[in-house]
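Here is the structure we will look at.
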Amino acid sequence: MTRVDRMFSKIAARENIVGWDGLSPHERVVATVVLLWHEVGHGGFQQYLSNPTGDLAPTAADALREIGAEETANVVDQALGLFPAPGPSPDHEVRRTQLSCFPFARLAQFEGLDSFFFNDPEQVEDRLVEFMSQHEVAE
């Protein structure tokens, strides 16, 4: 288990007690990035956006920018931009329906964005470790 995984486990346990709004802003950044990273890493943007973790999608790009991963944040913005206005629903069941209505060509665009994540050119985990150290996100 990596340092980020250990920290996320602690943040998730704390969130179960205090709720999302009870977490510090820095804890929410870490949790948002980790949830995005795990979901996209294991099943792509379609999985992330069709699951409840995708409820955090509107804040994911800002969280990535907060840790200094600007290019990755831009990829998230591109993925969200594939949804027709006003964008993906905040409710995962509605987002699932939105995704099911995408034409094949639009769904295929997620694959290129997924590839960026799999290649991880910005070393997001290293950036998270640095962010946690700089902001004293408790270990």
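Before moving on, here are some points about what is shown:
- Residue ranges of helices (runs of 4 or more DSSP H) in the stretch 78-139 with at least 2 members closer than 22 Å to SER9 by Cα and either among the acidic types (Asp, Glu) or at pLDDT 95 or above (or both): 124-134
- Some residue of the stretch 39-51 being without any contact (Cβ under 8 Å) to a residue 24 or more places away in the chain, among the polar types (S, T, N, Q) and part of a helix (DSSP H, G or I): yes
- All told, PHE118 falls short of being surrounded by fewer than 11 Cβ atoms within 10 Å (Cβ to Cβ), over 26 Å from ASP5 (Cα atoms), out of contact with any strand residue (DSSP E or B) (no Cβ under 7 Å at 6 or more places or on another chain) and aromatic (Phe, Trp, Tyr).
- Candidates THR59, THR97, THR72: the one that is free of Cβ contacts under 8 Å to residues at least 12 places away in the same chain and among the β-branched types (Val, Ile, Thr) is THR97.
- Of the criteria (1) crowded, with 19+ Cβ neighbours inside 10 Å; (2) touching a His at 6+ places or on another chain (Cβ under 6 Å), which one PRO52 fails: (1)
The values are calculated or read from the model by the stated rules, or taken from the named source; none is laboratory data. Worth saying up front: this structure is predicted, and the values here are computed from it rather than measured. Glycine also receives a Cβ, built like all others from the backbone with ideal geometry; neighbour counts cover every protein chain displayed.
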